[in-house]
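Participant: My structure is below; once you've seen it, I'll send some questions.
The values are calculated or read from the model by the stated rules, or taken from the named source; none is laboratory data. This structure is a prediction, so every number in the text was calculated from the model and none was measured. Counting neighbours? That spans all protein chains shown, and the Cβs are built from the backbone with ideal geometry, glycine included. Only protein heavy atoms, including side chains, enter the accessible area calculation; ligands, DNA and RNA are left aside. Shrake-Rupley method; radii C 1.70, N 1.55, O 1.52, S 1.80 Å.
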Amino acid sequence: MNPFIVNVADLVNKPGARRHEHVEGRLPGPIMVVDSSLRTEVPAVVDGVLEWVSDGLLVTGTVEGAWEGPCRRCLRPVDGMLKVDVQELFEATPRDGESYPLGHDRVDLEPLARESLILDLPLVPLCRDDCRGLCPTCGKDLNEGDCDCLPSAADVRWAALDVLRLAGDE
Ligand SMILES: [Zn+2]
Ligand SMILES: [Zn+2]
């Protein structure tokens with residue numbers, strides 16, 4: 001059973017009716033963007049207020065999940081949490097890219113959870129902002145100390161590569 005399906009019979013067509021909702025469950029995977037992926041073994045959480053407005057059901061709250069991926073520079077495994085503010089409309093006749101479908105007396109919050117978390121996955125996972133990466137010449141992890149190659153060559157090359165790959169991801 002899909003834990004993200006919520007019965008909203010008490011709200012439909014009742015202007016101003018609202019209530020708090022909290023659902024969580026595992027999203028089917030894999031869900032990934034470039035190198036970072038959603039940790040689908042960790043439950044995703046949708047928490048917020050459901051409210052009937054003139055056009056449909058408005059969901060305002062947060063979506064939480066967890067991600068993991070290799071550091072873009074040194075390849076060490078990195079993970080972290082995601083928390084996304086959302087405000088989305090569910091309508092009987094959804095508009096593509098604008099709103100989500102409202103079923104008969106129920107909504108499925110899974111697409112909202114999935115899409116919000118995908119948009120929040122880090123494009124350039126870093127173990128830390130100033131990660132020095134691997135030396136492109138000898139492969140040494142420069143976080144553990146300098147190698148005998150030209151100083152700072154790695155920093156410059158990785159910074160340029162991050163920019164190029166980011167542009168390519170757009
Ligand atoms: Zn790193
Ligand atoms: Zn080196």
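Participant: Can you compute log10 of I(q)/I(0) for the chain with the Debye formula, treating each Cα as one identical point scatterer, at q = 0.16, 0.19, 0.21 Å⁻¹?
Facilitator: With one equal scatterer per Cα and no solvent, log10 I(q)/I(0) is -0.90, -1.12, -1.27.
Participant: Figure the gain on full extension for Val45 and Arg95 (residue separation times 0.36 nm, minus the Cα-Cα span) and round it to one decimal in nm.
Facilitator: Residue separation times 0.36 nm, minus the Cα-Cα distance, leaves 15.5 nm.
Participant: Still on this structure: To the nearest 10 degrees, how steeply does helix 153-169 sit against the main Cα axis of the chain, on a 0 to 90 scale?
Facilitator: Taking the Cα atoms of the chain, the angle to 153-169 is about 30 degrees.
Participant: How much of the accessible area of the chain, in percent, comes from carbon and sulfur atoms when a 1.4 Å probe is used?
Facilitator: Here carbon and sulfur together make up 52 percent of the probe-accessible area.
Participant: Here's something else I'd like to know. Placing +1 at every Lys and Arg Cβ and -1 at every Asp and Glu Cβ, with all other atoms neutral, what dipole size does the chain have around its Cα centre, in debye to the nearest 20?
Facilitator: 220
Participant: Here's another thing I want to ask about it. How far apart, in nm, are the 7 Å Cα→Cβ label points at His22 and Ile5?
Facilitator: So the two model labels end up 2.4 nm from each other.
Participant: Sticking with this structure for a sec: If you take every DSSP beta bridge whose two residues both sit in the range 1-157, what share of them, in percent to the nearest 5, is antiparallel?
Facilitator: The antiparallel proportion sits near 95 percent.
Participant: Restrict the search to the range 46-100; then list the trypsin sites (Lys or Arg not before Pro) that DSSP places in a loop and that have at most 16 other Cβ atoms within 10 Å of their Cβ.
Facilitator: Arg95
Participant: Tell me, what is the percent relative contact order of the chain, built from C-alpha pairs under 8 Å that lie six or more residues apart?
Facilitator: Reported relative contact order: 20 percent.
Participant: Compare the Cα positions of Ala113, Val86, Met32 along the charge dipole of the chain (+1 at Cβ of Lys, Arg; -1 at Cβ of Asp, Glu; about the Cα centre) and return the one farthest towards the positive end.
Facilitator: My answer, from the dipole projection, is Met32.
Participant: When the helix-only estimate is applied to the chain (DSSP H runs of n ≥ 4, each -39,500 (n - 2.57), divided by the residue count), what is the mean residue ellipticity at 222 nm, nearest 500 deg cm²/dmol?
Facilitator: One gets -5500 deg cm²/dmol as the mean residue ellipticity at 222 nm.
Participant: Considering the chain as a Gaussian network with a 10 Å cut-off on Cα pairs, which listed residue, Gly97, Gly48, Gly16, attains the greatest mean-square fluctuation?
Facilitator: Gly97
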